[in-house]
Each structure stands twice: as structure tokens, then as C-alpha cells.
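Structure, as C-alpha cells:
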Ligand code: TRP
């Protein structure tokens, strides 16, 4: 096992929070959250999402960070070190698979964002709502182009990972995050002042309680919360393994959760008011193309809209890259730590496998009919990947992590690790109850009822 000094730690607490937030904030917030709100019926989804974040995800965020910092190892090694001669390391393996699976569809969407930098900047996205929507459909129906763009994202991610991670992520995120927040604020202010915005705000903020107990909606909200917070597959565990013993895990977890949730909510304040300002807008109908259909219309209402549009997609691409790095790092670290592969070999092989799995997702929005409407599933391949990994794999990973900390490693030992920096764990009794009982029971209930109602 490498010592802490060799593995490196974060430059500062702010550096850690930035890097973890860089992993968390990405397409999940700006593309995923509005898309899921649109499919989950609006404000009721937002309400369930926030409950999942507070009651389930925040405690699990603390659990992942605490395992990582205690073991100072990547997931498979960490579970094995805390509970040797058991099968708990398999939770780490599930994370390795989930990392590759999520990255495969994630890099397709990030590739769309790259192309939209060009489209927005050159004025290709002008015209009425129908033209803009048709443009997206024509663009994604071009299979070779989608595959090439996916390769650009994976290639960039792989190049960063061959060179080693932390200092680069810290520096990039420090610049990108404030810029993205400012730009989102400007866009939100413009969006809520558009004609028709009130209808969008009502959709986004006034819950239709009849869907409060819809198992599919609850499952999607839970999955979206795990996905947006980078939880359930050991990514935060890995980041925690670089966290210094003098840092407060709880403070760090609260910061990351607050920042990530604020960004997602902000994206909703942009998409729904501007969407509803378009005549005949149906938020549930657009699927993965929602933001690509709505945002160009918003940019068109701004002075210098082309510049705004290009800047937006540049920042979105950077935000996506700080996330793809954390997704790829988990499987790569696994092959380096456990199978002793040299880093370049691990990066090359994992990236190649992810690229092959990504191809059907790249062809799922019109390029190949079979992947675009999978027979028997009533959905496209990319959306199916979202359901499999976000709604099932990540929450199951989170459930196992909670059981591991609550019942195998045991909460008192975890609390001891949290308190190493010298002050008591605020809310330790509440956290113990949540991690031992509430998180496992709630996740199990949600998953079982989602499967039953399928
Ligand atoms: N959270 C990121 C986003 O919202 C995506 C992501 C990065 C992720 N690393 C992860 C999701 C690990 C799950 C697990 O865009």
C-alpha cells in the first residue's frame, strides 16, 4: 500500500471540495436533472429528489468519504482492507462496472455538447422552435459524427488520466465552476423574465401530488440524485482517500451536496421558463434532446446570443470532462491497484472497452432504428442505459455501502474516523440511524416497488 505522501493529498480543503464538486457537477445537473423533471411530471419530481438528496444521499456521501479516508485506497482495496476475507470487495467491482457503463452514455451526450459549441457560435441554431428541434434530430441521426464526437471526449479524458489527476482538476475546476455559476445565473434571470415563464415556473415549483407515490417517479428521482452526486460507485470513496486527516468530512460532504443541488435547481429555472415560452412545448416529450431544443431559443433572446451560446456549451463541456475523469479513474485505478497494470495500459484498455459500449448509445437518437426504439423496451438504448446504471446500479451500490458502514465496519468506528480532525461529528446519532436503517430500507423499498410496477 502506498503511503499518504506518495498518493498525494489535496492542496487544501477548498481544493478537495472543488475537485469533488467538479466530479459531481456536470451533465447530471444541467442535462439530466431537467430531462428527468420533464419526464417525472415537474415539481413533484423536484420534491422527491430533494428528499432523496437529504435523507439518503447526504448520509451515504459521508459514508463513502469516511471509508475512503480510513482505508486510503481505491474501492476494491478499501472494502477488502476494512473487511478482509469477505466478499465485500465485490461492491467495489460493481462500481468499476458502473463507472464504465455510465461513462459510455455520458461521453455521447458530452460529445453533443462539443458540437453545439460550434453550432451555437456559428449561428446554426437560429430559427423557430421546430427548426431548432429538427436540427437536433438531423444532427444526432448522423451516426459517424456522433461516434467521432464520443471519441473526442473519451480521448481527452484518457489523455488527462495518463498524466495523473489532482492538480489539473483542481486548477480547471477553480476557474470553471464560478464561471458556470455566473453564466447560469444570467440565463436564469433572462429565462424567468420571458413571456410565458410563469407557466414554466408553476410546472417546476407547484407539485401535482397525485404522482407523489408513483414508484417509477420515485425510482427515477433516487437514481438521478445518486448520478448527480457521483455516489454509489466509489467515485467519492476514491476522492475521500485523498482527503487529509485534519479535514472535516461532514463539512466537505455538505458543501459538495449543497453546490451540486444548487446547480441542478438553477438549471431547472433556466429550462422550464424558457421551454414554456415556446408554443406547444411538452417537457415530457423531448427526452434526451430537451436542453438542446430549448436552450438555443433562449440564447436567441439575448443580445450577443451566439457568444452566450458558445460560452455555455464550452463550460458545459468542461463540466462534463471533470466528471468523465472521475468516472474513468475508478476502473483505471482498479486495474492499476489490483492487477498491477501500468497506468497507460489501464487507461488504454478501459477506454477502448468503454468506447465499444458507447457505440450503440451514439446510434440511439435516430442513426440506427433498432437502437433508437429498442423492440420490447419502448425506449432508446441511451435512455435504457440511464435506467440500468442510474436507477438500479448506483442505488444498489449505495445500499451496500450503507449496510457495510452501518453493520459490518460499524458506525462507532466510522464516527471515530470522522472525528479524527478533533471536533465532534455534528448529528452523529441522526447519521447512525439514517445509515443503518433509513438508507438501506428506503433504497430497498424503492427498488423493489419499481421492479414490481414495471
Ligand atoms: N455526477 C456527474 C454529473 O452529474 C456524473 C458522474 C461523475 C458520476 N462521476 C460519477 C455519476 C460517479 C455517478 C458516479 O454529471
> Going 7 Å from the Cα of residue 47 in the Cα-to-Cβ direction, what parts of the range 194-222 have a backbone nitrogen less than 18 Å from that spot?
Replying inline: 200-222
> For the range 86-181, with equal point scatterers placed on the C-alpha atoms only and solvent neglected, what are the log10 I(q)/I(0) values from the Debye formula at q = 0.14, 0.20, 0.25 1/Å, to two decimals?
Replying inline: -0.76, -1.14, -1.26
>> Just to verify a number: FRET efficiency for residue 185 and residue 137, C-beta to C-beta distance, R0 = 35 Å, to 0.05?
In response: 0.70
>> Please compute the Kirkwood hydrodynamic radius of the range 188-326 from all pairs of different C-alpha atoms, in Å with one decimal.
In response: 17.4
> In Å and whole numbers, how far do the C-alpha atoms of the range 347-454 stretch along each principal axis, longest first?
Replying inline: 57, 40, 21
>> Quick check: residue separation of residue 407 and residue 162 times 0.36 nm, minus the Cα distance between them. What number comes out in nm?
In response: 84.5 nm
> If the chain were replaced by its equivalent ellipsoid, with semi-axes equal to the square roots of 5 times the Cα gyration tensor eigenvalues, what would those be, largest first, whole Å?
Replying inline: 34, 24, 21
>> Cβ neighbours within 10 Å, averaged per peptide: list 129-137, 60-68 in order, most packed at the top.
In response: 60-68, 129-137
> Gain in length, residue 282 to residue 85, computed as 0.36 nm per residue apart minus the alpha-carbon separation, to one decimal in nm?
Replying inline: 65.6 nm
>> Tell me the Rg and the Dmax, in Å, that the Cα atoms of the range 273-356 produce.
In response: 19.4, 57
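Set the Förster distance to 30 Å, then compute FRET efficiency between residue 171 and residue 416 from the Cβ-Cβ distance, nearest 0.05.
The calculated FRET efficiency here is 0.30.
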> Once label points are set 7 Å from the Cα along Cα→Cβ at both residue 198 and residue 128, what is their separation, rounded to one decimal in nm?
Replying inline: 2.5
>> Over all directions, how big on average is the projection of the convex hull of the alpha-carbon atoms in the range 312-409, in square nanometres?
In response: 9.4
> Taking a point 7 angstrom from the Cα of residue 448 along the C-beta vector, which residues in the range 217-234 have backbone N less than 20 Å away?
Replying inline: 217-223
> What order do you get for 208, 214 when you list them from fewest to most C-beta neighbours inside 10 Å?
Replying inline: 208, 214
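Each value in this text was obtained by applying a stated rule to the coordinates, not by laboratory testing. None of the values given here were measured: they were computed from a predicted structure. Glycine also receives a Cβ, built like all others from the backbone with ideal geometry; neighbour counts cover every protein chain displayed.
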